[in-house]
Amino acid sequence: MNVEKPARYIGGEVNAVMKDPSKVDVRFAMCFPDVYEIGMSHLGIQILYHMLNCRPDIWCERVYSPWFDLDRVMREQHIPLFALESQDPLRRFDFLGITIQYEMCYTNILQVLDLAQIPLLAAERGEDHPIVIGGGPCAYNPEPLADFFDLFYIGEGESSYFPLIDLYKENKVAGGSRKEFLKKAAAIPGIYVPSLYQPSYHEDGTIASFCPLVPDAPEKVRKVIVSDLDETYYPEKPVVPYIKATQDRVVLEIMRGCIRGCRFCQAGMIYRPVRQKSVEKLLDLAEKMLESSGHEEISLSSLSSSDYTDIEPLINGLIEDCRRRKVNISLPSLRIDAFSLDVMSKIQDVKKSSLTFAPEGGTQRIRDVINKGLTEDEILEGAAEAFRGGWNKVKLYFMLGLPTETEEDQLGIAELAEKIAKRYYEEVPKEKRNGKVQITASASFFVPKPFTPFQWAVMESEEEYLRRARLVKDAFREQLNRKSMHFQYHEADVTVLEGVLARGDRRVGAVILEAYHLGCLYDAWSDFFDHGKWSEAFQNTGVNPDFYTIRKREAEEQFPWDFIDIGVTKRFLRKEWEKAMEGSVTPNCRAACSGCGASIFEGGICHEN
């Protein structure tokens, strides 16, 4: 009775998969290292859960980070962390797969291992412990977490999981050891086994070499992808939570990758090449998922839905089916143009809903630097069209601290918001206005990510980020329509730590471990993030965060993640960095191929023509 929301832990949800453990060969626990409501909203886990459970010899179950209340009870009463479906302790499983979606969940990964009574360090695990696998976008720089994982899966889960599990079964039957399995696993495409590699460092702290220790471990680990999305696994019966999840709806993944090439965006690079599902497949999936789940809303999932080539027939088909079922449609990642506004007016209550633009930069100059591919005229015309259609609420997303950013770019954020507000009063006659225009502008601070052209960028200090944010806030107060505009910004101390974890090497692992021992947990939640404890962790371990954030990186520096091959070449990324410094724009993948290197995967947009 001391635990809030027990439904987070009891399992038994609609479409949860139950099997007889005595009739399966492999037990796999799939973990999202955050609270249940967030983890249940994650599509990747639903896909892998469905895929693994399609095989009768595998039982895949789920586990999430226990909230503080249950965490305390489990430690006091020595209750080992358990999977939702069977309620069996995780330490009895063959595999524990952890999806790593964002850097600020790293201490939660250690919480899951700790509560499961699995040694935190991979080197201390024995034959009876599960194989701990990491995957997801943060696995593209696995080095800060290398000491805690037995192996990492680089790429899309549908490709190499079955060969990995079959190898595990063979090794078990042959009486092979844990170490023998890991050595053989290193030869499977997309699998990286950290214990089989050794980094060395120059005197200045940069990486001198990164070498495999055994012949089975390749020098480069190439990511694995699915070429044909129509022919791969997708959950026709998604698990439906008993309590409201953050994204409480059917999610329809329409494509992977993005044609745009924004220079700050990691997802746009690591998920190349762009691949689409067919309209027929999507409409069939939508019907089955709505039927099996009882959800009252469906959402399209992609990095840029407007770039899906058959967006009109898809949406028209969905509108027809959803009207009949009385189901709402949510359309994130749409460009604001006449078509999308017409669609949204059919599916949303215009008076209640707001439109979202992501200009990212306040001036055209900085938008060209980041290759945003969005002009001020397009932003203002899109807003004007929306205002004529009856909308009066607009959300704007910006970044502060971008490479080459000037004060003019910063002040441009307030000026652009003012131009949009002014456009409302120009476009909509007084008698037709639905109250005042409401503009909410949000700024996050830029974090350079691996495998982007901005992986060479220098970050700013916490004080400098806050100075820039305050400058913008003051500029908003000076605008003519200031009463209709609101400006908010992200936490600067979290940004700096995220920057360390994003581009960190193996030495950062000691800081994460120390921060966890000091009590850091749920760092992604601003209410629980403890800047003081993290500062203490850096101090205690002798690791200087400035080395990873405000240090200038040379063109030829070897990065901790350079041993991973994502298709997109380092040469292309460097060329894009140089173009950014010139303020030069690269066309999108449909307009012209820029030779990024992703065509080695022989699928998707690279081979459509």
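The values are calculated or read from the model by the stated rules, or taken from the named source; none is laboratory data. Remember, predicted model here, so these are calculated numbers, not experimental data. We place every Cβ from the backbone using ideal geometry, glycine too, and count neighbours over all the protein chains shown. Ligands, DNA and RNA are excluded from the accessible area calculation, which covers all protein heavy atoms including side chains. Shrake-Rupley method; radii C 1.70, N 1.55, O 1.52, S 1.80 Å.
Does at least one position in region 511-519 carry a residue that is buried (at least 17 other Cβ atoms within 10 Å of the Cβ), in contact with a Ser or Thr (Cβ under 8 Å, 6 or more places away or on another chain) and not aliphatic (A, V, I, L, M)? Yes, region 511-519 contains a residue that is buried (at least 17 other Cβ atoms within 10 Å of the Cβ), in contact with a Ser or Thr (Cβ under 8 Å, 6 or more places away or on another chain) and not aliphatic (A, V, I, L, M).
Mind listing just one residue for me: the one in region 429-449 that is part of a loop (DSSP other than H, G, I, E, B) and more than 28 Å from Cys265 (Cβ to Cβ) and, of those, farthest from the chain's Cα centre (by Cα)? Among those residues, the one meeting the criterion is Pro429.
Taking strands (runs of 3 or more DSSP E) as the structural unit, no element lying wholly within region 26-134 holds at least 2 residues that are over 21 Å from Leu182 (Cα atoms), in contact with an Asp or Glu (Cβ under 7 Å, 6 or more places away or on another chain) and of a type in the set (Val, Ile, Thr).
Residues in region 551-581 that are of a type in the set (Asp, Glu), out of contact with any Lys or Arg (no Cβ under 8 Å at 6 or more places or on another chain) and either over 13 Å from Pro453 (Cα atoms) or part of a loop (DSSP other than H, G, I, E, B) (or both): 3 in all.
Filtered by the rule that a residue be among the charged types (D, E, K, R) and surrounded by fewer than 18 Cβ atoms within 10 Å (Cβ to Cβ), region 456-492 gives Glu463, Glu464, Arg467, Arg470, Lys473, Asp474, Arg477, Glu478, Arg482, Lys483, Glu491.
Here Val173 passes the criteria (1) within 20 Å of the chain's Cα centre (by Cα); (2) under 19 Å from Ile58 (Cα atoms) except the one numbered (1). Just so you know, in region 143-161 the residues that are out of contact with any helix residue (DSSP H, G or I) (no Cβ under 7 Å at 6 or more places or on another chain), outside any helix (DSSP H, G or I) and modelled with pLDDT of 95 or more include one that is surrounded by the most Cβ atoms within 10 Å (Cβ to Cβ), and it is Gly155.
Each residue in region 22-46 was checked for being open to solvent by less than 10 Å² (accessible area, probe 1.4 Å) and not aromatic (Phe, Trp, Tyr), and 9 of them qualify. Do we have any residue at all in region 384-397 that's part of a strand (DSSP E or B) and either among the basic types (Lys, Arg) or in contact (Cβ under 8 Å) with a residue 60 or more places away in the chain (or both)? Scanning region 384-397, I find at least one residue that is part of a strand (DSSP E or B) and either among the basic types (Lys, Arg) or in contact (Cβ under 8 Å) with a residue 60 or more places away in the chain (or both), so the answer is yes. Filter region 399-443 for residues that are small (Gly, Ala, Ser) and surrounded by fewer than 18 Cβ atoms within 10 Å (Cβ to Cβ); which is modelled with the highest pLDDT? In this case the residue turns out to be Ser442. Among the residues of region 389-398, just one is open to solvent by 20 Å² or more (accessible area, probe 1.4 Å), at pLDDT 90 or above and out of contact with any Leu (no Cβ under 9 Å at 6 or more places or on another chain), namely Tyr397. Does His78 count as in contact (Cβ under 8 Å) with a residue 40 or more places away in the chain and open to solvent by 30 Å² or more (accessible area, probe 1.4 Å)? No: the conditions fail for His78. Scan region 397-428 for residues that are β-branched (Val, Ile, Thr) and under 28 Å from the mean Cα position of the chain (by Cα) and jot them down. Result: Thr404, Ile413. Pairs linking a residue in region 267-285 that is free of Cβ contacts under 8 Å to residues at least 60 places away in the same chain to a residue that is part of a helix (DSSP H, G or I) and among the acidic types (Asp, Glu), with Cβ atoms under 8 Å and 6 or more positions apart or on different chains, are Lys277/Asp230; Ser278/Asp230; Lys281/Asp230; Leu283/Asp321. The set of residues in region 178-221 being within 17 Å of Asp150 (Cα to Cα), open to solvent by 40 Å² or more (accessible area, probe 1.4 Å) and not in a strand (DSSP E or B) consists of Lys179, Glu180, Lys183, Lys184, Ala187, Pro189, Ser195, Leu213, Asp216, Pro218. Determine whether region 318-328 contains at least one residue that is within 30 Å of Ala414 (Cβ to Cβ) and without any contact (Cβ under 8 Å) to a residue 60 or more places away in the chain. No: region 318-328 contains no residue that is within 30 Å of Ala414 (Cβ to Cβ) and without any contact (Cβ under 8 Å) to a residue 60 or more places away in the chain.
Among the residues making up region 495-529, those that are among the hydrophobic types (A, V, I, L, M, F, W, C) and closer than 13 Å to Tyr102 by Cα are Leu497, Val500, Leu501, Ala502, Ala524, Trp525.
The residues on offer are Arg275, Arg256, Arg249, Arg222, and the sole one that is under 30 Å from Arg507 (Cα atoms), out of contact with any Cys (no Cβ under 9 Å at 6 or more places or on another chain) and charged (D, E, K, R) is Arg222. Selection of region 236-265 for residues being in a loop (DSSP other than H, G, I, E, B), under 27 Å from Gly603 (Cβ atoms) and either open to solvent by less than 30 Å² (accessible area, probe 1.4 Å) or touching a strand residue (DSSP E or B) at 6+ places or on another chain (Cβ under 6 Å) (or both) yields Pro238, Ile254, Gly257, Cys258, Ile259, Gly261, Cys262, Arg263.
If you scan region 542-558, which residues turn out to be open to solvent by less than 50 Å² (accessible area, probe 1.4 Å) and free of Cβ contacts under 8 Å to residues at least 40 places away in the same chain? Listed by number, the list holds a single entry, Val543. Can you spot a residue in region 578-599 that is surrounded by fewer than 20 Cβ atoms within 10 Å (Cβ to Cβ), of a type in the set (Ser, Thr, Tyr) and farther than 30 Å from Ser278 by Cβ? Within region 578-599, one or more residues are surrounded by fewer than 20 Cβ atoms within 10 Å (Cβ to Cβ), of a type in the set (Ser, Thr, Tyr) and farther than 30 Å from Ser278 by Cβ.
Residues that are at negative phi, among the charged types (D, E, K, R) and in contact (Cβ under 8 Å) with a residue 12 or more places away in the chain do occur in region 510-520. Against the list (1) outside any loop (DSSP other than H, G, I, E, B); (2) within 30 Å of Leu290 (Cβ to Cβ), the condition Tyr233 fails is (1).
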